[in-house]
């Protein structure tokens with residue numbers, strides 16, 4: 001009798017994933033469908049997938065986490081969702097930064113060449129004055145270091 005009970009327990013635990021008297025086939029199918037959503041999202045995040053996108057991965061991960069079925073990868077999906085959203089925000093900031101740099105490099109149409117030349121001359125004069133002050137300070141430092149110090 002003990003051998004029969006042991007065999008029954010082993011049989012039930014061995015078949016827990018494939019079939020169980022306590023799980024309906026619709027539960028297993030729902031879990032498999034939800035699991036496939038997670039893996040599709042992971043595939044969209046793969047750098048080797050040229051057809052994948054972060055937007056679709058975020059949508060799929062959101063659907064996975066909101067699903068009422070049992071889920072195996074909740075922690076991973078939550079982390080991937082946070083990372084994908086952060087990557088989206090970084091991409092937006094990067095695009096805005098590139099646009100700002102392009103706008104800064106482009107000459108303004110309202111400034112005439114004479115105005116630009118005038119501002120360049122002023123900038124050159126300012127830099128020359130700053131260089132002269134730095135040279136004066138350097139000379140003062142050289143004199144102070146060259147002077148013999150009195151020993152106490």
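Among (1) under 18 Å from residue 42 (Cβ atoms); (2) surrounded by fewer than 10 Cβ atoms within 10 Å (Cβ to Cβ); (3) modelled with pLDDT under 90, there is one condition residue 69 misses while meeting the rest; what is its number? Status for residue 69: all satisfied but (2). If you check 119, 111 for being at pLDDT below 90, in a helix (DSSP H, G or I), surrounded by 10 or more Cβ atoms within 10 Å (Cβ to Cβ) and out of contact with any helix residue (DSSP H, G or I) (no Cβ under 7 Å at 6 or more places or on another chain), only one passes: 119.
The values are calculated or read from the model by the stated rules, or taken from the named source; none is laboratory data. As the structure is a prediction and not an experimental result, all values here were calculated from the model. Glycine gets a Cβ as well: all are built from the backbone with ideal geometry, and neighbour counts include every protein chain shown.
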